[in-house]
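Comments concern the structure below.
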Amino acid sequence: MRTMAALEAKTRFGELLDTAQREPVTIEKHGRAVAVMVSAEDYRELEALKLASLRAEIRRGLDDIDAGRTVDGAAALQSLRDRLD
């Protein structure tokens, strides 16, 4: 993955766009990564993966409900409070 300073990304935006079509480009400001530019295709794939993961989590939750694997909300919150104390 290529890294580019924010000022360089601003002054060489066309090159940044071309590079992002081939590989992700990390944009740094004051030496700290603040953004990553990826191609539109890579972004769509990432979003599709996130959606698939979310759907799988929801499906597991619904399966747990159907199987009776649930807890009382108040009891769950109290358990969390006890663990934090």
Problem - Cα-centred dipole magnitude for the chain, charges only on beta-carbon of K, R (+1) and D, E (-1), debye, nearest 20 - result: 240 debye
Fill in the blank from the handout: Ranking Thr26, Leu84, Met4 by how far each Cα lies towards the positive end of the charge dipole of the chain (+1 on Lys and Arg Cβ, -1 on Asp and Glu Cβ), the top one is Met4
Handout entry: Difference of contour (0.36 nm per residue) and Cα-Cα distance, Leu80 to Arg59
Key = 5.1 nm
Exercise for the section: Mind jotting down a quarter of the surface of the convex hull over the alpha carbons of the range 41-84, in square nanometres, one decimal? Expected result: 4.5 nm²
Handout entry: Residue among Ala20, Ala48, Ala67 with the largest mean-square fluctuation in a Gaussian network model of the chain, springs linking Cα atoms under 10 Å
Key = Ala67
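For the chain, what Kirkwood radius comes out of the mean inverse Cα-Cα distance, in Å?
Values: mean 1/r = 0.0600 Å⁻¹.
Kirkwood hydrodynamic radius for the chain: 16.7 Å.
Note down the relative contact order for the chain as a percent, whole number, built from C-alpha pairs under 8 angstrom at least six residues apart. Before the final figure, lay out each step's value.
Values: 57 pairs, mean separation 16.6, N = 85.
Relative contact order for the chain comes out at 19 percent.
Computed from the coordinates by the stated procedures, all read-outs in this text should not be read as laboratory data. As the structure is a computational prediction, the values presented were derived from the model and not from experiment. All Cβ positions, even for glycine, are placed from backbone atoms using ideal geometry, and neighbour counts span all protein chains on display.
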